[in-house]
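Each remark here refers to the structure printed beneath this line.
Bear in mind these aren't lab numbers, they're just calculated from the coordinates by the rules spelled out. None of the values given here were measured: they were computed from a predicted structure. Cβ placement follows ideal geometry from the backbone for every residue including glycine, while neighbour counts extend to all protein chains displayed.
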Amino acid sequence: MLKGQIKEVEKIINEIVSGDESTINTASAHILSSGGKRIRPNFVLLSGGFGENNHQNLIKTAAALEIVHMASLVHDDYIDNSSKRRGTASIHEVWEGQTAVQTGHYLLAAALNLISVIDNPLFHEYFSSIILEVCYGEFEQLDDRFSQKVKFTDYLRRINRKTAVLIEASCKLGAMSTETDSEQLFHLGRFGHFMGMSYQIIDDILDYTSTEKVLGKPVGSDIRNGHITLPVMCAAQQDEYTQELLSQLSSKQSDDYFQLLIERVQQFGIEGATQISRHYADKAAFHLDQLPDCLERQQMEALLTKMTKRFY
Ligand code: 2DE
Ligand code: MG
Ligand code: MG
Ligand code: MG
Ligand code: MG
């Protein structure tokens, strides 16, 4: 049943990029068909399954969230100067920067247009607030580049805004269009939040533990871009030499400097960060346990396991 609904979501997504042969369509199609796990649509559909839902609105919400996510990735790759996404060349690599900027704007507008038929002001208030949060998160990250003052709480706030808020929303927006009670809505939201936190921490760990071939960008790209993430903070807590290196962090540092720092993080920062990521995954599982035992909950459990055990 979920598979059938996902097909309907894919159909809507494809409609967004079909029409004339303009660059925007081709570029949008490039990112929209590049694979991806469709995590957000899956959670919208599953959370909508906890009560009677308006099917058309649910499918549109699922598609719109995925399209907003795609838009943010197109802009993210351009900002991060990442040449690959999911093993394929990113939009600014195939075309150029302007095309990436414009494609992101187009996708964002298309997503908003899709949900405009939903007659619920609270829904729209929440939906737009998510996009604002993602923007704030990216701004904070930009402001904090190469700053040595970034604290653990700054990091947590930033990953909540740039990643967890959207996953939390996908777990809540489906339920918001049903008669789901407020307690269920609370647990669905907390589940999404904690899962999103765990997911972004894993993303930040993979930046150190994966390979250039899998990541599509050099290992250690985050620190080279000036982003102090959890593995770096954990390494600094364990190792004085990491602290010393960090005190010299600047965009002007040499390749050798970054290589040395990356090696220290790989050696001292992974275990601690992995533990914290697991801690968030456990919290997510706790909130899932508070929901009624049904097929939707079981499917959410399976997705949680898949997401928090990914190696790419
Ligand atoms: C991924 O972080 C975070 C993406 C959020 C990007 C948001 C932007 C502003 P990563 P990876 C650019 C909002 C833009 C919109 C809504 C159009 O760690 O490692 O860079 O996968 O992810 O590149
Ligand atoms: Mg990125
Ligand atoms: Mg980024
Ligand atoms: Mg990353
Ligand atoms: Mg990623």
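A few comments on the model shown:
- Only Lys, Arg (+1) and Asp, Glu (-1) charged, at Cβ; the range 1-118 dipole about Cα centre in debye: 460 debye
- Unit charges at the beta carbon, dipole of the range 12-147: most positive-side option, Val68, Ala109, Gly35: Gly35
- Full-extension gain in nm, Arg145 to Ser250, via 0.36 nm per residue minus C-alpha separation: 36.9 nm
- Inter-label distance, nm, simple model (7 Å from Cα along the C-beta direction), Gln243/Arg86: 4.3 nm
- Karplus (6.51, -1.76, 1.60) ³J(HN,Hα), θ = phi - 60°, over the range 302-309, in Hz, Gly and Pro reported as x: 5, 5, 4, 4, 4, 5, 8, 10
- Nonlocal amide H pairs with His227, under 5 Å, H built at 1.01 Å: Phe146
- Relative packing of peptides 29-35, 252-258 - highest average C-beta neighbours within 10 Å first: 29-35, 252-258
- Under 30 Å between alpha carbons - lysine pairs in the range 120-311 that sit 8 or more apart or on different chains: 29
- Eligible aspartates and glutamates near Lys7 by straight Cα distance, threshold 13 Å, same-chain separation 8 or greater: Glu15
- When Thr26, Thr229, Thr211, Thr308 are sorted by how many other C-beta atoms sit within 10 angstrom of their C-beta, beginning with the fewest, the order is Thr211, Thr26, Thr308, Thr229.
- Estimated FRET transfer efficiency (Asp20, Lys213; beta-carbon r; R0 51 Å; 0.05): 0.90
- Euclidean distance of C-alpha centroids, the range 22-48 and the range 184-257, integer Å: 26 Å
- Helix axis angle, 165-176 relative to the chain longest principal axis, alpha carbon, degrees: 10 degrees
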